[in-house]
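Below is one structure; the comments refer to it alone.
The values are calculated or read from the model by the stated rules, or taken from the named source; none is laboratory data. Since the model is a prediction, treat every value here as computed from it, not as a measurement. Glycine also receives a Cβ, built like all others from the backbone with ideal geometry; neighbour counts cover every protein chain displayed. What goes into the accessible areas is simple: the full protein's heavy atoms, side chains included, and nothing from ligands, DNA or RNA. Shrake-Rupley method; radii C 1.70, N 1.55, O 1.52, S 1.80 Å.
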Amino acid sequence: MMFNTFRKPLLLLLSAFAASLPVLSQAEPLPTPPEIAAKAWVLMSYESGQVIAGENIHKQHAPASLVKIMTSYVVGQELKAGHIATDDLVVISENAWGQKFPGSSKMFLNVGDQVSVDDLNHGVIISSGNDATVALAEHVAGHQSAFIEMMNRHAEKLGMKDSYFTNPHGLDSDDQFITAYDMAVLTRAFIRDLPNVYPIFKQKSFTFGKIKQGNRNGLLWDTTLNVDGVKTGYTKEAGYSLVSSAEQNGQRLIAVVLGTQSSSSRQSESKKLLTWGFRFYQDIHPQFSGKELAPLRVWYGSPSSINLEVEEGGTITVPRRERKNITYTITYDHNLEAPVEVGQTVGKVEWYLNDEVIAERPLLAKEASEKAPWYKSMVDVVWRPINEWFSSQDWEPKPVTEQ
């Protein structure tokens, strides 16, 4: 009876005490990506290069006209290097004759026509002209085989490890394939490396020889997104595919969907990806202190220490609601020996959310260090074993601060 008398006041007191305690914040679950009706797909941040979400991103797939992104990239690089010019006149060969491509997209080129590189490039990007790709390939490299070699060299240089090209237009070929991830990597490189060419992708139509053709990327007409590229593709083997990119409030995303069932489906699935990505993710620019990126010792080197930088500037892409819960660690190569080249990996930064790594960036040498003469490196011979007892500790996990 006595306990029951004091039970209610006691419960009220305990409730009041519990309410006064600080509430421990719990991390919200990461936003689930939408269901995408495609055989493979990926969403990538342009600035960080980070994959936000994807499925079968490294699975090889028939490319269709997505090959033309690489064709235009090679042409753009040749323009940038001054090897060709936009006003070069290309004489159309029989190989580039429009009638060689029945039932497929083309510029309707005729043998003997003289067409500028600029018009041909517009014809590839906007009209998806298969004939125009052959004309450009022959102009750039003399013949298609040499141009295809250039395509694959660029692919290798960009790290497109699971893609291979056998023609410049994308018509079905047993030995030609791409992946969703590789196409996002290529698109990111295109936007970064060829800012003077990329704006062609957002043009809604192109007229050549009194024939007006519209851009097949329907997202260019979507007023809810700021889509400015990139390329559609279709063959019976590949299905309907789309590489798209949009920018909102200074943030750019790249979406790739491969093998959807229709042209409307590739458009709607891409829109879902881009909308979801902008809603739930953002790029941040972590700030590092001078102590964290202090010069790193190089054993037997001249100079004996080098400055460091974080690859991609350290930019990472994170869930918007979780950016305050992100921590990071920095690890250095304390046994670094000369010679060291500029850009060599000498450590890494890892960012964590809920104890899981969400991003990683190499620490790079900002300057070189040559092997020092023997008489200058003698001090390291003596000091290095001692230093192992007092080696600098890597930075423990700490919260991210932004610039």
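So Thr224 passes all but one of these: (1) open to solvent by less than 10 Å² (accessible area, probe 1.4 Å); (2) polar (S, T, N, Q); (3) modelled with pLDDT under 95. Which condition number does it fail? Of (1) open to solvent by less than 10 Å² (accessible area, probe 1.4 Å); (2) polar (S, T, N, Q); (3) modelled with pLDDT under 95, only one is false for Thr224: (1). For Asn215, only one of the following conditions fails: (1) farther than 20 Å from Ala40 by Cβ; (2) among the polar types (S, T, N, Q); (3) open to solvent by 30 Å² or more (accessible area, probe 1.4 Å). What is its number? For Asn215, the exception is condition (3). If you check Ala180, Ala132, Ala146, Ala141, which single one turns out to be more than 25 Å from the chain's Cα centre (by Cα), closer than 20 Å to Asn217 by Cα and either aliphatic (A, V, I, L, M) or at pLDDT 95 or above (or both)? Of the residues listed, the single one that is more than 25 Å from the chain's Cα centre (by Cα), closer than 20 Å to Asn217 by Cα and either aliphatic (A, V, I, L, M) or at pLDDT 95 or above (or both) is Ala132.
Table: residues versus (1) touching a residue at least 12 places away in the same chain (Cβ under 8 Å); (2) farther than 14 Å from Ile284 by Cβ.
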{"position": "Ile306", "(1), (2)": "yes, yes"}
{"position": "Glu312", "(1), (2)": "yes, no"}
{"position": "Val318", "(1), (2)": "yes, no"}
{"position": "Asn325", "(1), (2)": "yes, no"}
{"position": "Val340", "(1), (2)": "yes, yes"}
{"position": "Asp355", "(1), (2)": "no, yes"}
{"position": "Glu360", "(1), (2)": "yes, yes"}
{"position": "Ala372", "(1), (2)": "yes, yes"}
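Reported count of residues in the stretch 369-395, each being under 16 Å from Ile306 (Cα atoms) and modelled with pLDDT under 70, is 2.
Scanning the stretch 227-250 for residues that are part of a loop (DSSP other than H, G, I, E, B) and either surrounded by fewer than 20 Cβ atoms within 10 Å (Cβ to Cβ) or at pLDDT below 95 (or both) turns up Lys236, Glu237, Asn249, Gly250. Just one of the listed residues (Ser65, Ser104, Ser93) is surrounded by fewer than 21 Cβ atoms within 10 Å (Cβ to Cβ), polar (S, T, N, Q), at pLDDT 95 or above and on the phi < 0 side of the Ramachandran plot, and it is Ser93. Whether a residue is β-branched (Val, Ile, Thr), in contact with a helix residue (DSSP H, G or I) (Cβ under 6 Å, 6 or more places away or on another chain), farther than 21 Å from Ala155 by Cβ and open to solvent by less than 40 Å² (accessible area, probe 1.4 Å) was assessed, and Ile57 does not pass this test. Screening Gln203 on (1) over 30 Å from Asp118 (Cα atoms); (2) surrounded by fewer than 18 Cβ atoms within 10 Å (Cβ to Cβ); (3) in contact with a His (Cβ under 9 Å, 6 or more places away or on another chain) shows it passes everything except condition (1).
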